[in-house]
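Engineer: I'd like to ask you about the structure that follows.
The values are calculated or read from the model by the stated rules, or taken from the named source; none is laboratory data. This one's a predicted model, so the numbers in the text were calculated from it and none came from an experiment. Positions of Cβ are generated from backbone atoms using ideal geometry, with glycine treated the same way; all protein chains shown enter the neighbour counts.
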Amino acid sequence: MTLTRRVFLAGAAALGGAAAWAKAQAAEAGKAAPRIRLSSCNIGSLQNAKAAGLDGMEVAAGGAAEKLSIADPATRQKYKDQMKETGLAVSSVMMSVFNSNPLASDPNGPAWLEQTIEGARDLGAQVILVAFFGKGSLKEGDGVKKADADVVVERLKAAAPKAAGAGVVLGIENTLTAQQNMEILQRIGHPSVKIYYDIYNLAGQGYDTPAEIRLLRDKCAIFHFKNGPDYLETGKVKWEPNVAAINEIGYRGWIVLESSAPSKDRVADDRRNAAYVRKLFA
């Protein structure tokens with residue numbers, strides 16, 4: 001077949017366009033993700049999160065039932081529709097169910113972990129908050145509830161490979177010291193189980209939170225930021241030393257606001273707190 005000049009030039013232009021497109025795609029893929037992204041667990045919807053200037057939202061796995069709400073495709077589709085509309089992400093999934101139905105004792109615990117891992121995978125969430133408060137607390141005096149911790153270790157050890165396969169980290173949140181948590185993590189022995197670190201809660205236990213963050217280092221999966229009933233910048237926690245520690249360990253990931261709404265306007269108050277956090281990390 002004879003290759004005319006017009007055909008040649010058209011082909012060259014198409015190739016040039018394709019090359020430019022490929023170059024642009026490569027450049028986009030090569031962009032570093034922001035070191036810190038901001039989410040909220042109280043904002044209500046991704047539309048509200050966008051209005052507050054956030055990058056995402058932490059969603060709830062649901063209350064005790066044979067199947068958690070996160071296991072319902074309709075629940076996940078609601079979040080997917082919000083993600084598509086807003087361009088925001090689901091940062092994490094919160095399993096507060098274990099506060100009233102402890103992982104250490106509820107027979108549904110392993111199944112709930114599996115359901116939430118699959119739900120997080122489907123939503124592209126990076127971390128699952130595995131909570132240990134209330135009835136589920138692992139703390140006893142200054143020590144650890146050994147029998148409960150033994151069961152928790154075995155159940156998380158069993159769930160960890162499934163989490164890894166889903167690209168998800170199981171983030172333990174509790175009131176134990178960093179050293180006690182390190183010992184639990186060492187017993188589990190899997191990189192897909194880390195610590196969900198809530199600075200306000202642990203400062204309230206009297207812990208030196210910057211020192212704890214430095215001890216945990218890459219075992220910190222994600223952080224909760226709040227300051228009791230106050231705005232972040234006006235409460236008891238002093239954030240500069242904690243942020244210095246977070247910077248020092250080279251953390252990249254989500255900061256999840258669990259902050260109050262003193263003005264009763266959740267969106268406005270999360271916007272204010274988000275601006276403060278960005279200033280801290282600037």
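Engineer: Just wondering, is there one or more residues in segment 223-238 that are within 16 Å of the chain's Cα centre (by Cα), at pLDDT 95 or above, loosely packed, with under 15 Cβ neighbours inside 10 Å and not aliphatic (A, V, I, L, M)?
Structural biologist: no
Engineer: Let me ask you something else. Can you tell me which residue among 129, 156 is touching a His at 6+ places or on another chain (Cβ under 9 Å), assigned to a strand (DSSP E or B) and within 30 Å of residue 248 (Cα to Cα)?
Structural biologist: 129
Engineer: Another one. Across segment 188-222, what is the total count of residues that are among the aliphatic types (A, V, I, L, M) and over 21 Å from the mean Cα position of the chain (by Cα)?
Structural biologist: Counting residues in segment 188-222 that are among the aliphatic types (A, V, I, L, M) and over 21 Å from the mean Cα position of the chain (by Cα) gives 1.
Engineer: Is it fair to say residue 150 is touching a helix residue (DSSP H, G or I) at 6+ places or on another chain (Cβ under 8 Å) and charged (D, E, K, R)?
Structural biologist: no
Engineer: If you don't mind, there's one more thing I want to ask. If you go through segment 134-171 one residue at a time, how many are under 20 Å from residue 90 (Cβ atoms) and of a type in the set (S, T, N, Q)?
Structural biologist: 0
Engineer: Take the residues in segment 127-159 that are in contact with a strand residue (DSSP E or B) (Cβ under 9 Å, 6 or more places away or on another chain) and surrounded by fewer than 21 Cβ atoms within 10 Å (Cβ to Cβ), then tell me which one is nearest to residue 187 (Cα to Cα).
Structural biologist: 157
Engineer: Considering only residues that are closer than 15 Å to residue 114 by Cα and of a type in the set (S, T, N, Q), which ones fall in segment 45-86?
Structural biologist: Scanning segment 45-86 gives a single hit, 69.
Engineer: When you check residue 265 against the structure, is it acidic (Asp, Glu), surrounded by 20 or more Cβ atoms within 10 Å (Cβ to Cβ) and either in the same structural domain as residue 198 (by TED's automatic domain parsing) or under 19 Å from the mean Cα position of the chain (by Cα) (or both), yes or no?
Structural biologist: Here the answer is no, as residue 265 does not meet what is asked.
Engineer: Follow-up. Can we say residue 206 is closer than 29 Å to residue 236 by Cα, in the same structural domain as residue 127 (by TED's automatic domain parsing) and without any contact (Cβ under 8 Å) to a residue 24 or more places away in the chain?
Structural biologist: yes
Engineer: Return the only residue of 104, 120, 111 being closer than 26 Å to residue 146 by Cα and assigned to a helix (DSSP H, G or I).
Structural biologist: 111
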